[in-house]
Each structure stands twice: as C-alpha cells, then as structure tokens.
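Step one of this worksheet: look at the structure below.
The values are calculated or read from the model by the stated rules, or taken from the named source; none is laboratory data. Bear in mind that the values here come from a model prediction, so they are computed numbers and not experimental data. No Cβ is skipped: glycine too gets one built from the backbone with ideal geometry, and neighbour counts run over all protein chains shown. Just so you know, the surface numbers come from the protein's heavy atoms only, side chains and all, with ligands and any DNA or RNA stripped out. Shrake-Rupley method; radii C 1.70, N 1.55, O 1.52, S 1.80 Å.
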Amino acid sequence: MANKGTVKPHGSFNVNADAEALYKAMKGLGTDEDAILQLLTARSNAQRQQIKAAYKTLHGKDLVDDLKSELGGKFETLIVGLMTPPTEYDVTELRNAIKGAGTDEKVLIEILASRTPQQVREIIATYKKEYDDDLEEDVTGDTSGHFKRMMVVLLQASRQQGVDEGKIDSDAQELFAAGEQKYGTDEDKFITILGNRSATHLKKVFEEYMKLSGYEIEESIQRETSGSLRDLLLAVVKCARSVPAYFAESLYYAMKGGGTDDSTLIRIMVSRSEVDMLDIRAHFRRMFATSLHNMIKNDTSGDYRKTLLLLCGGDDA
C-alpha cells in the first residue's frame, strides 16, 4: 500500500547532527521552539527514536525529559506525542483513558474501532509489557453492558478476512430484524456482525441493508441504540466504510463550534501523520466546505498551530 502520510523519512538523515541541533535549541537561556518543531515534523517516527538514542549517547540526558522541561502546554503534549513510538502512543492514550477519573470512552472507541487486528494485537502485547496489566481486564473493569461486550469483541482482534458471499444477504436481514423490524433492539446481533466481519464484507452488507430497509445502517443505529454503544457502533461502521473519512469527520467535530477538543486533534494528527493524512485531507475537503489546513489555522495558535500545520502538510483550498 502506498504511504499516504504527510510525514516521510528525511532523505539526508544525519542522526548526530539532529541530536546536536536539538541540544543547541534547548541550551542556555530561552528555547528555540521553531528549530525543534521544524526538525521533528520533518523526520519519521523511526528517525526520531534514533535521534533520542543519539541524544542520550552524546549528552547523557533523555531527550523527551529535556523537551518536557523546556516546552509547555498543548505544544509540549504534541511534541511528546511525536516522540513516542506509534504502538506505545496508542497504549499510553488507552491507559490514560481507563485510569483517569471516569472513563474516556471517546478514546477507547477511536483507537479500537480504527486500528487493524494486527495493530490491536500489538497494542495488547505492549500494554502488558508496559503496565503488567491485561488491557481487556482493564477495559471490562471500567465499562458495562453492550458497550463492554462490543469492546471485548474488538479486543479479540479476529475479524474475518475477505467477503463471505453467502452471508451478505442473511447478515443484512439479521440486522434489519434485530432493529427496525422489531419492538426494542437486539443489540447482540449488531455486535456480532459489526464486530466480526471484514470491512469489505460489511460494505456489501450495508448496500444490501439499504435495499432491504430503505435506510443507511447509520440511520438505524442512531435510532435503535443510544449512548456510548451508539457512538461505538457508528465508529465501527464508519471505519468499515473508510478509515480516513472517519478521521476527517472526527477532526472536523473536534474543531467545530466554540472551543477545541485538543486531545482528539493532537491524537489524530500525531497517529495518522505517517499513515493516511493525505487521504484524510482529501475526504475532509470533500465532506466539509473548508480544508483541514484552514480549519486548524483558524482554530489554533502559536507553535502549537505551526506544528499541526506542518503535520497537515498543505492546504487543499
């Protein structure tokens, strides 16, 4: 698959020169934030890990600790995110979502609905290594009801591969019978089908469902379910249709209206910058009457804004 990220490995990468440049940017009075953000957004995550190792070798100090002590606020959170290996980043976000006061279900939904089964398996293993805890136990200890059951299904990371032609019609019919056709809702059916079939299979099921019921599956989920289960099922459906479109929409609502959901903005810009940011931008431009670049520019400020715009990588005006 062609890389649709905006952040690419730097061609003439010189790890020691980069480590020195960062050291110099933080040495003495004042900090050269611009030098830091320009350098780090122009290196891949793998290269940033090499810089971190070289920095320690050359200066006997931890680069991330130094960055934390020199920077502050949202800009610091964003830079520290860029310095964290991808799986570790997801794991830290999940841990904070579970262990904070109350559960941040939004983070659980976003990560577990959008990552591939392989990525989910890596997240579970890294979580265990990092905290000596079982992610599934921590999630189930913190959630309840059908939401919890759907989370458990997603954590099994065993989605079927490909399309099962023989099941397309029956899946659509079962979803129709479980929701629109009955009084009340059989949530279990939604969980089993949406949690276990492949994205390509589900897309065909959604087409069939539309023919059968006259509704988009999203409309039925809106009507038939509520609360965090509804949010989770909708995220799973949107990711089956298109992961970049799902993130484009999440970014839009993180910035729309008064106030900004900075933690969502940071998490998506960091975690998708090397994956599918170009596709996210294209979907964003198609779905909304503005570009991602423009919305970030109008919604943020300072070094934080500069860094986000470099990760966005261009304007689709």
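Miscellaneous remarks
- Within region 17-31, the set of residues being open to solvent by 30 Å² or more (accessible area, probe 1.4 Å), assigned to a helix (DSSP H, G or I) and not hydroxyl-bearing (Ser, Thr, Tyr) comprises 17, 20, 21, 24.
- Any hit, region 212-234, residues being of a type outside the set (Ser, Thr, Tyr), at pLDDT 95 or above, in a loop (DSSP other than H, G, I, E, B) and under 30 Å from residue 173 (Cβ atoms): yes
- Hits in region 249-266 - residues which are open to solvent by less than 20 Å² (accessible area, probe 1.4 Å) and over 11 Å from the mean Cα position of the chain (by Cα): 254, 255
- Test: residue in region 300-315 that is open to solvent by less than 20 Å² (accessible area, probe 1.4 Å) and closer than 30 Å to residue 171 by Cβ: no
- Output for region 149-174, where each listed residue is open to solvent by less than 50 Å² (accessible area, probe 1.4 Å) and touching a helix residue (DSSP H, G or I) at 6+ places or on another chain (Cβ under 6 Å): 150, 151, 153, 154, 155, 157, 168, 171, 172
- The set of residues in region 213-229 that are surrounded by fewer than 16 Cβ atoms within 10 Å (Cβ to Cβ) and touching a helix residue (DSSP H, G or I) at 6+ places or on another chain (Cβ under 8 Å) comprises 216, 218, 222, 227.
- Test: residue in region 252-261 that is among the β-branched types (Val, Ile, Thr) and in contact with a helix residue (DSSP H, G or I) (Cβ under 7 Å, 6 or more places away or on another chain): yes
- Lone unmet requirement of (1) over 21 Å from the mean Cα position of the chain (by Cα); (2) open to solvent by 70 Å² or more (accessible area, probe 1.4 Å) for residue 133: (2)
- Of the residues screened, residue 243 is one that is touching a residue at least 12 places away in the same chain (Cβ under 8 Å), closer than 30 Å to residue 269 by Cβ and either in contact with a helix residue (DSSP H, G or I) (Cβ under 7 Å, 6 or more places away or on another chain) or open to solvent by less than 40 Å² (accessible area, probe 1.4 Å) (or both).
- Of all the residues in region 100-123, those that are within 22 Å of residue 229 (Cβ to Cβ) and touching a helix residue (DSSP H, G or I) at 6+ places or on another chain (Cβ under 8 Å) number 15.
- Scanning region 191-240 for residues being without any contact (Cβ under 8 Å) to a residue 12 or more places away in the chain and under 24 Å from residue 144 (Cβ atoms) gives a total of 2.
- Within region 119-138, residues that are free of Cβ contacts under 8 Å to residues at least 24 places away in the same chain and assigned to a helix (DSSP H, G or I) sit with their Cβ atoms under 7 Å from residues that are among the β-branched types (Val, Ile, Thr) and open to solvent by less than 70 Å² (accessible area, probe 1.4 Å), at 6+ positions apart or across chains, in these pairs: 136/152.
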